[in-house]
1. Where the second residue is at pLDDT below 95 and acidic (Asp, Glu) and the first is in a helix (DSSP H, G or I) and lies in the range 138-164, which pairs have Cβ atoms under 7 Å and are six or more apart or on separate chains?
2. Looking only at the range 173-189, how many residues end up being of a type in the set (Ser, Thr, Tyr) and surrounded by 19 or more Cβ atoms within 10 Å (Cβ to Cβ)?
3. Could you list all residues from the range 1-59 that are surrounded by 16 or more Cβ atoms within 10 Å (Cβ to Cβ), of a type in the set (Ser, Thr, Tyr) and farther than 20 Å from THR71 by Cα?
4. Name the residues in the range 165-187 that are in a helix (DSSP H, G or I) and of a type outside the set (A, V, I, L, M, F, W, C), would you?
Amino acid sequence: MTNSEIIEKTIAFVRETLKGAEGGHDWFHIQRVFNNTLLIAKDEQVDVLVVSLAALLHDIADAKFHDGDETIGPKMAEEFLRSISVADEVTSHVKKIIENISFKNSLTAEKRFASKELKVVQDADRLDAMGAIGIARAFNYGGYKGRELYNPEIAPNPDMTKEAYKKSNGPTINHFYEKLLLLKDKMNTKTGKQLAEQRHQFMLNYLARFFEEWNGQV
């Protein structure tokens, strides 16, 4: 099977699996991360098949929709890739990327897996949590979870541990300070850093306007 055929089969699998998914973690999120990955990979010396498959499969079973179980997604991805006879070394690398890509795993001091391919896909995923799309996704998920838009009495905590972050159910505006605004300085690649600057500034502009309207200033 050619690489393009492997990718086509993976796209079909992901689209079918994520039918009806929450709007911030649906097929269109995967598609955007896939496109971001290919864009960033142009300037990086990486295995394009590995980054493509990791981008497509990184949220096949996001832990927050499976009672916090972080093993389901990597296992599903591995089983699928084996079912279409993808090489063991590619399958193993993709699984490790999925196990290590999430923001919450950057909140622990534990030494984790690292590769150039992980850095590319991680940047691509983080970009989709920033800018106009990132804002839309944050409020969509907040609504899905029944969270407040904003509550001045609940201060954000940008220094959470991984476990505290996983259990957090604060207002959506707090999520900007606890994750989204922290992403710019966590980017790995030159292209990722450049794209993140613009999206970061857009979020700052949005928050400034949000608080002006909240406080009746405009």
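The values are calculated or read from the model by the stated rules, or taken from the named source; none is laboratory data. From a predicted model like this one, the values you see are computed outputs, not experimental measurements. Heads up, the Cβs are rebuilt from the backbone with ideal geometry, glycines too, and the neighbour counts pull from every protein chain shown.
1. Within 7 Å, the pairs are TYR141/GLU22; TYR144/GLU22.
2. 1
3. Across the range 1-59, the qualifying residues are THR37, SER52.
4. Across the range 165-187, the qualifying residues are TYR165, LYS166, LYS167, THR172, ASN174, HIS175, TYR177, GLU178, LYS184, ASP185, LYS186.
Rundown of residues vs (1) over 24 Å from GLN198 (Cβ atoms); (2) buried (at least 16 other Cβ atoms within 10 Å of the Cβ); (3) of a type in the set (A, V, I, L, M, F, W, C); (4) out of contact with any Phe, Trp or Tyr (no Cβ under 6 Å at 6 or more places or on another chain), yes/no style:
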| site | (1), (2), (3), (4) |
| --- | --- |
| LYS95 | yes, yes, no, yes |
| ILE98 | yes, yes, yes, yes |
| SER102 | no, yes, no, yes |
| GLU110 | yes, no, no, yes |
| SER115 | yes, yes, no, yes |
| ASP125 | no, yes, no, yes |
| GLY134 | no, yes, no, yes |
| ARG137 | no, yes, no, yes |
